[in-house]
Amino acid sequence: PVTEHVRDALVEIDPDHAAEYRANAEALLGDLATLDEDLTSGLADCKVRDIVTSHAAFAYLARAYDLTQVPIAGIDPGTEPSAAQLAEISDLVEADGITTVFTETLVSPAVANTVAREAGVETATLDPIEGLTEETSDEDYLSIMRTNLATLQKANDCS
């Protein structure tokens, strides 16, 4: 409903452009619905359902598309996991056939790289869209989420 709330607020403060705000909101809602359909179908048949992430930044994505997020650190990406946590995650990676530990933009990949190295798997980057980098400055939510989809499909062996 955020799109609708923004649309309604803009219409209220600038009624002369109400038709434009309504049209833009409808277009965005259509784009978001298509993205949701693409994520749903694109992640439906993944052989691996777990995603090991540097920290718990992708709960919304995991919940929405029936994935299980396994964060190396908690909510705070600066928290260092204990040796026992690292061993547990490494065991899970091996047991579940996980091929990739996900790092993220704007956060140091050091811990994720360590886990991946210890487990003998790859790393890949997911973008939680907390801010744009120099490389993503010309992108938007839709394009970044499509990149995340492609990254997840490759790493999790999705049909």
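For A95, the stated conditions hold: it is open to solvent by 30 Å² or more (accessible area, probe 1.4 Å), modelled with pLDDT of 85 or more and among the aliphatic types (A, V, I, L, M).
Looking across L67, L92, L106, one residue alone is among the aliphatic types (A, V, I, L, M) and over 22 Å from N156 (Cβ atoms). It is L106.
Condition check ((1) touching a residue at least 60 places away in the same chain (Cβ under 8 Å); (2) acidic (D, E); (3) farther than 24 Å from A119 by Cα) across all residues:
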{"site": "P15", "(1), (2), (3)": "no, no, yes"}
{"site": "E20", "(1), (2), (3)": "no, yes, yes"}
{"site": "G30", "(1), (2), (3)": "no, no, yes"}
{"site": "D38", "(1), (2), (3)": "yes, yes, yes"}
{"site": "S41", "(1), (2), (3)": "no, no, yes"}
{"site": "H55", "(1), (2), (3)": "no, no, no"}
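Scanning the stretch 113-155 for residues that are at positive phi and surrounded by 13 or more Cβ atoms within 10 Å (Cβ to Cβ) returns a single hit, I129. Of all residues in the stretch 121-134, exactly one satisfies the criterion of being over 17 Å from the mean Cα position of the chain (by Cα) and at pLDDT below 90, namely E134. There is at least one residue in the stretch 101-112 that is part of a helix (DSSP H, G or I) and surrounded by 13 or more Cβ atoms within 10 Å (Cβ to Cβ).
In the stretch 115-145, the residue that is nearest to V52 (Cα to Cα) out of those that are touching a helix residue (DSSP H, G or I) at 6+ places or on another chain (Cβ under 7 Å) and part of a helix (DSSP H, G or I) is V115.
Listed by first and then second residue, the pairs with beta-carbon distance under 6 Å, at least 6 apart or on different chains, first residue in the stretch 131-158 and among the charged types (D, E, K, R), second surrounded by 15 or more Cβ atoms within 10 Å (Cβ to Cβ), are D157/V48.
The values are calculated or read from the model by the stated rules, or taken from the named source; none is laboratory data. Please read all numbers here as calculations on a predicted model, not as lab measurements. Positions of Cβ are generated from backbone atoms using ideal geometry, with glycine treated the same way; all protein chains shown enter the neighbour counts. Just so you know, the surface numbers come from the protein's heavy atoms only, side chains and all, with ligands and any DNA or RNA stripped out. Shrake-Rupley method; radii C 1.70, N 1.55, O 1.52, S 1.80 Å.
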